[in-house]
Every structure is written in C-alpha cells, then in structure tokens.
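Read the structure below first, then the notes.
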Amino acid sequence: MKKGSTKLLVLQLITLIILIYNAFINNIFTNLYLAIFLSIVFVISYFLVGFEKERFNQKKRNIRIIIILTISLLVIKYGLGLITGYQYSPYNRTLLGILDNTLSIAYLLVICEILRYTFVTKGNKLNFILTIIIFTLAYLNITTSLTSLTSLKTIVILLTTDIVVTLFENIVLTIISKKYGYSGSLSYTLIMNLYLYIVPIFPNLGEYLDAAVMIAFPIILYLFSNYILTDFFKEKVDIRVKNTGAKLIRFIIVMIIIIMVSLNSGIFRYWICVVASGSMEPTIKIGDVIYIDKSYKKNIDKIEEQDIIVFKINGKIYCHRVIQKKVNNDQVLLVTKGDREGQSVDKWTISKSELVGKVDFRIKYIGLPSVWLKNAIER
C-alpha cells in the first residue's frame with residue numbers, strides 16, 4: 001500500500017459523503033462553491049500526502065497530441081450535425097456573457113483535474129475507484145441536478161444520458177491522468193466543456209445520439225492517445241506521432257469534403273445552398289449558407305406562417321417567407337414574400353410539388369467566395 005493512501009482514503013470518503021449529499025439530497029453547491037470546496041480538499045491532501053509533479057520529459061508534445069485528438073473529435077461531432085441539423089446556442093455570447101459562464105466552470109475543471117491527479121498518484125486501487133465516483137458527481141454538478149430524480153421516467157432519462165456519459169468520461173479521464181498526468185485530462189475536459197459557451201451553434205443530435213457520441217469520444221481519445229504515447233520516450237515515436245497526426249487530419253478533411261458534397265447533392269435529409277439573391281435581406285443576406293430540411297416536403301401541413309421556405313418555380317430556386325397558409329380541397333397552399341423592404345407578395349402559391357423544404361438554419365457569409373466566383377464567370 002502506498003504511503004499516505006489510508007489518510008487519502010479517509011479524505012476521499014468525507015468528500016464523497018458531502019458530494020452525495022449535495023447531489024441527491026440538498027444541492028448546496030454552485031459551480032464556484034464546489035470549486036472552492038474541492039480547493040480546500042486539495043490543500044488538505046497536499047498537507048497529508050504532498051503533490052507529485054508530472055514526470056514526463058515530453059509533456060508539451062503530450063498535451064499537443066491530446067488537444068489535436070480532442071479538436072478532431074469535435075470536428076467529427078459537428079460533421080454529424082451536417083446530417084442531423086444544428087440549433088442555436090442558448091448562451092450569452094457577448095464577452096461578458098462568455099466570461100460569466102466560463103470562469104467558474106474553468107476554475108472548477110482545473111481544480112478537479114489537479115485533485116484527480118493527486119488521488120491517483122498517491123493512492124491505491126481503492127483510491128482509484130473512489131476518484132472516479134467523486135469526480136463523476138463533481139462533473140454532474142455542472143450539467144445536472146440529481147435532486148430532480150423524483151420519478152422513474154427522470155431516473156431513466158438521466159441515467160441513459162447524463163449519468164452514464166459522465167461516468168464513462170471520468171473513467172477515461174482518471175486513466176489518462178494516471179498514465180499521462182493532469183495536463184492531458186485537463187486539456188480534454190476544458191475543450192469539451194467550455195466550447196459550449198463560445199460557439200454559436202450546436203449539432204442537433206438528439207439526447208440519445210449525443211449521449212452515444214459523448215460516451216465514445218473519451219474512449220476513442222484514450223485508444224488513440226495510448227497508441228501514440230505508449231512508447232513516449234523512444235525516438236521512433238517521433239515518426240509515428242507525425243504520421244498518425246497527418247493521417248488523422250487528412251481523414252477528417254476527406255470526410256468533411258464527402259459530407260459537404262453529399263449535402264450539396266441533396267442525398268441527405270438536409271440540403272445546403274448558398275443564397276445569391278438579396279430578396280430576403282436583412283434576414284438572410286447574399287453569401288449566407290442555408291440549411292434546408294427537406295422532410296417538410298412530405299409534411300407541408302407542418303409549415304407555419306412566418307416560416308422561411310425554399311421552393312422551385314420554373315426550374316429556379318427561391319427562398320422566401322410564408323405570409324399566409326391556405327387550404328383548398330384538402331391541399332395546403334402557401335403564399336410567400338421576400339423580407340426586403342418594398343418586396344411585393346409573390347404572384348404564385350406554393351403547393352407540395354413546388355416545395356423543396358424549410359430553412360432550418362443559416363451560417364453568415366461563408367458562401368461569399370462561391371457567389372464572387374459565380375459573378376466573375378457570368379461576366
């Protein structure tokens with residue numbers, strides 16, 4: 001048994017009891033207060049067993065590889081969103097809003113990973129297991145209130161989404177922390193938790209697909225990082241790391257190209273196109289890329305007034321807003337009009353046969369190069 005592991009065990013049990021009380025009985029900790037509490041636990045652990053510095057000669061490369069892998073996984077997740085669609089971020093993305101949302105969480109994540117590293121380097125197998133449970137509860141504090149588990153339905157939903165996801169994540173983070181130090185686990189968890197408050201859109205994967213993805217990601221991260229970093233101190237790893245990273249980047253680029261081509265071809269439920277007309281300004285501007293949900297073609301009755309739709313008239317594609325919905329002989333007809341000031345009501349009505357789909361989402365300006373190229377060719 002490692003020296004000090006018994007003292008550490010007592011400290012972990014006390015910490016676990018407090019976290020269980022917080023999670024299931026009375027939620028007394030905000031993220032900031034939880035970070036302060038765990039900081040106190042870290043100070044106590046420092047006096048009990050000390051703190052072991054990371055021993056890796058190649059720590060910077062270790063961190064760099066894990067960051068590359070983590071960002072690559074996020075790119076894949078957003079690539080899935082090209083198929084399933086996106087949703088707007090509900091968080092305030094002004095500078096003050098981002099700082100307000102992220103500072104306390106970032107502090108909590110940092111202290112969690114440093115304390116996790118202390119537990120696994122100074123403890124034994126029992127300490128290792130307790131570490132996973134402690135930080136599963138700590139991380140759940142960020143996203144979930146377990147005091148809301150008042151019915152079988154809520155228990156099943158949270159168990160199959162947040163709880164299982166967080167448990168798997170913390171198993172992997174604890175293994176990474178033990179093998180490669182807190183720098184690796186901290187790099188992963190900062191990126192995966194803080195990007196939510198910064199980016200304007202999220203992939204709309206749904207609760208269960210998102211849960212499956214977030215269970216798979218830390219496992220994939222560990223498998224890749226373990227493959228790359230196992231022989232970390234051998235010279236031959238230099239070539240392997242370089243080749244593996246290059247292959248991974250090429251693979252991601254190829255996958256993105258395939259997905260983009262597929263979306264442009266209309267194979268999937270979602271179709272993307274670049275807006276080349278200003279009839280919907282200022283809502284949608286020239287050069288914006290719009291994501292069109294084609295499932296509404298079969299469900300035109302679900303289109304409501306004020307929805308923005310894409311339709312095809314005489315071989316030409318239009319994107320206009322629905323200003324009136326009519327039913328004639330059980331056939332839904334849509335009256336449309338552009339948003340630009342002075343735009344008149346369209347002279348046609350849109351039926352199921354003309355409808356392409358509903359505009360679900362747009363990204364500003366990224367289609368401008370293709371508009372410029374089209375205009376240059378037409379000249």
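Across region 4-38, the qualifying residues are those that are assigned to a helix (DSSP H, G or I) and among the polar types (S, T, N, Q), and the one among them that is nearest to Ile129 (Cα to Cα) is Gln12.
Only one of the numbered conditions (1) modelled with pLDDT under 85; (2) in contact with a helix residue (DSSP H, G or I) (Cβ under 9 Å, 6 or more places away or on another chain); (3) not in a loop (DSSP other than H, G, I, E, B) is violated by Phe268, and that is (3).
I'd like to know if region 178-190 contains one or more residues that are out of contact with any helix residue (DSSP H, G or I) (no Cβ under 8 Å at 6 or more places or on another chain), in contact (Cβ under 8 Å) with a residue 60 or more places away in the chain and not in a helix (DSSP H, G or I). For region 178-190, residues out of contact with any helix residue (DSSP H, G or I) (no Cβ under 8 Å at 6 or more places or on another chain), in contact (Cβ under 8 Å) with a residue 60 or more places away in the chain and not in a helix (DSSP H, G or I): absent. For region 83-122, the tally of residues that are surrounded by 17 or more Cβ atoms within 10 Å (Cβ to Cβ), touching a Phe, Trp or Tyr at 6+ places or on another chain (Cβ under 7 Å) and either assigned to a helix (DSSP H, G or I) or of a type in the set (Lys, Arg) (or both) stands at 11. Checked against (1) modelled with pLDDT under 90; (2) crowded, with 19+ Cβ neighbours inside 10 Å, Ile350 passes all but condition (1). Based on this model, can you work out whether Lys53 counts as part of a helix (DSSP H, G or I), free of Cβ contacts under 8 Å to residues at least 24 places away in the same chain, more than 21 Å from Leu140 (Cα to Cα) and not assigned by TED's automatic domain parsing to the domain that holds Ile363? Considered against the rule, which asks whether it is part of a helix (DSSP H, G or I), free of Cβ contacts under 8 Å to residues at least 24 places away in the same chain, more than 21 Å from Leu140 (Cα to Cα) and not assigned by TED's automatic domain parsing to the domain that holds Ile363, Lys53 comes out as no.
Residues are listed down the side, and each one gets a yes or a no for (1) in a loop (DSSP other than H, G, I, E, B); (2) at pLDDT below 90:
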residue	(1), (2)
Val322	no, no
Val327	no, yes
Leu333	no, no
Asp339	yes, no
Asp360	no, yes
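One residue stands out among those in region 14-67 that are among the basic types (Lys, Arg) and surrounded by 13 or more Cβ atoms within 10 Å (Cβ to Cβ): the one that is nearest to Leu221 (Cα to Cα), which is Arg64.
The values are calculated or read from the model by the stated rules, or taken from the named source; none is laboratory data. Being a predicted model, the structure only gives us computed values, none of them experimental. Neighbour counts run over all protein chains shown; Cβ positions are idealised from the backbone, glycine included.
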